[in-house]
Structure formats: C-alpha cells, structure tokens
C-alpha cells in the first residue's frame, strides 16, 4: 500500500511537471525552435512587391512574435497569437490582422533544405480558405516555396 501511494505521488508530480513545461512554451519559443524567425520571400534577390512579398517573423519581447508583411507599396505588422507544431513537423500559426478585422490560421511546412510553404490558410473558424492541402483554392496551383532572406 505504501509503495502504491509513493508511485501515485511520483506519477502526479511528473504530470504536474509536464503540464507546467508545456504551458511555459511561448509563441516565440515555438517559432524559434521550428526555424521561422527571419525574413522570407519567393525571391530574395528582388525587392518587395505585390508579386514578391517579404514576410518577417520577429520576436517582440515577453515571448511575443510579430508577423510583418512588406509588399513594396504597403506594409503591416500583426500579432502571432498562437503557435504550435503539428503533424509531420508542420507549424500552425494564428495571426490577428486588425486592419482586415480578422484572425487567420496558417499551417506551414519546412522542407529539408529549410525553405517553407503554406499548406493551409483560413479564417480561425475554418471559413474563407485561401489555401487547402498546399494548393490555392482559386485555381488550384501549388503554393510556392519561400526562402529565408535574412
């Protein structure tokens, strides 16, 4: 009986430690470990434009991450509200776009050569999908790979 109580106590302590560790992982920790921090583009040798946007993920203190978009003639900065690794090494992001009055969920994939591409993009509730299964919903083209510029 005493051995069973000790085992139960150790099991409970381990569960509390695991839960604490999982809760302690910030958005910045998750995206940093996954390798997303930096600036990404289709072609880093060309300037930012509507056809070649620069997407930057930067840590902004207290475990927060900003998603900065530069399309040449327009820019914005938005908060990454959630980040978690998913099945097959993917990264799920939730980004709030106050200028668009919406929150969107992205699923990203990183290739072995460290390029990234979007596998999914929708409103947080799953509506208004612009990317599904790695293809644009309008036209069906495969999403392009982006490289880290810096």
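Quick check on my filter: what residues within the range 42-100 are under 21 Å from residue 110 (Cα atoms), at pLDDT 95 or above and in a loop (DSSP other than H, G, I, E, B)?
Matches in the range 42-100: 42, 43, 44, 45, 53, 90.
Among the listed residues 74, 150, 104, identify the single one that is over 13 Å from residue 31 (Cβ atoms) and surrounded by 15 or more Cβ atoms within 10 Å (Cβ to Cβ).
Every option except 104 fails the conditions.
The values are calculated or read from the model by the stated rules, or taken from the named source; none is laboratory data. Only a predicted model underlies this, so the values are computations on that prediction, with no experimental measurement involved. Every residue, glycine as well, gets a Cβ built from its backbone with ideal geometry; the counts of neighbours run over all protein chains shown.
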